[in-house]
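This report refers to the structure that appears directly beneath it.
The values are calculated or read from the model by the stated rules, or taken from the named source; none is laboratory data. Everything numeric in this text was worked out from a predicted model, so none of it was measured. With ideal geometry, Cβ positions are generated from the backbone for all residues, glycine too; neighbour counts draw on all protein chains shown.
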Amino acid sequence: MKQFRKNYRVLKELVRLRFQNLMMFKIGFFGPFFVDGSLFAVQLLVFQAVYSNVERIGSWGKGEMIIYIGTYSLLNAVNMVICFFGICGISGKIKNGEMDLYLTKPVSPLFRISLERINPGSIPLVIMSVCIIFYGIHTADMQPGGKKVLCYLFWLLIMQVFYYDMEVLIRSIAFYTISTAKMEQLEEACLDLCMKLPGIAFYGIYKFIFYCILPYGIMATLPVQSLIGEMSLGLGIYGILAVCIFTGVTAFLWKNGIRHYNSASS
């Protein structure tokens with residue numbers, strides 16, 4: 001409880017400083033509203049172009065695909081609001097020695113790095129993503145009950161943690177290699193592909209890759225399957241195990257990297 005109160009005070013101060021810095025330059029605060037809104041519109045146009053002549057993908061119709069696009073967009077938007085811009089700087093901080101400053105502070109370096117660059121400019125994208133999800137539910141002519149909605153929210157939370165784990169895991173490799181540029185390019189390519197294709201579209205070796213090796217294919221797929229009633233017990237157990245395993249691997253790589261970290265200035 002003491003640690004929780006300490007982290008809460010740190011978080012509150014980080015948010016205050018972040019807003020203070022953003023408001024010093026109005027374009028830094030209001031610019032992302034326009035940029036993210038435009039990005040969201042482009043995503044919808046791409047979806048319309050790709051799926052205008054496709055009635056079904058596996059067992060999913062247009063309504064389910066709209067829910068999927070909205071879910072993936074929501075995960076991405078929440079990530080951008082909370083931690084994306086902080087995590088993106090991990091590799092650079094390791095290489096140029098700036099990580100030293102975080103290790104001397106009386107708070108977890110990962111906690112501070114993750115939350116020091118909160119981006120309120122992506123909040124409109126969160127709102128628009130929720131609207132798309134509701135539109136998809138209407139298009140699919142669904143009336144999900146309270147149990148399915150709770151399951152969907154649970155999987156959204158689990159997959160948000162998973163999204164964060166994957167970002168940190170890839171950038172933690174900077175402790176052990178000269179550059180993580182190729183890994184970050186791979187991450188971007190996987191996210192872009194899985195934004196357009198749900199996990200149910202993968203079969204054979206591709207399903208193994210995007211469910212087990214680079215499991216970006218489950219991030220938005222499992223929440224949607226829980227909402228539309230397609231999730232089996234085995235799939236649910238697998239999803240939870242996958243998140244636990246990757247969380248453990250991420251924690252190990254980060255802690256081991258910090259333990260053996262050598263300052264760039266030493």
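Here are the numbers for the structure shown:
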| quantity | calculated |
| --- | --- |
| Criterion (at pLDDT below 85 and either touching a Gly at 6+ places or on another chain (Cβ under 9 Å) or part of a loop (DSSP other than H, G, I, E, B) (or both)) met by exactly one of 64, 55 | 55 |
| Set 108, 172, 91: member being touching a residue at least 60 places away in the same chain (Cβ under 8 Å), surrounded by 20 or more Cβ atoms within 10 Å (Cβ to Cβ), among the small types (Gly, Ala, Ser) and more than 24 Å from residue 241 (Cα to Cα) | 91 |
| Residue match in region 199-207 (condition: crowded, with 17+ Cβ neighbours inside 10 Å and either hydroxyl-bearing (Ser, Thr, Tyr) or under 19 Å from the mean Cα position of the chain (by Cα) (or both)) | yes |
| Residue ranges of helices (runs of 4 or more DSSP H) in region 195-266 with at least 2 members under 30 Å from residue 145 (Cα atoms) and out of contact with any His (no Cβ under 6 Å at 6 or more places or on another chain) | 221-228, 233-259 |
| Within region 97-116, considering residues that are among the small types (Gly, Ala, Ser) and not in a helix (DSSP H, G or I), the one farthest from the chain's Cα centre (by Cα) | 97 |
| Subset of region 117-130 (residues that are in contact (Cβ under 8 Å) with a residue 24 or more places away in the chain and part of a helix (DSSP H, G or I)) | 120, 121, 122, 123, 124, 125, 126, 128, 129, 130 |
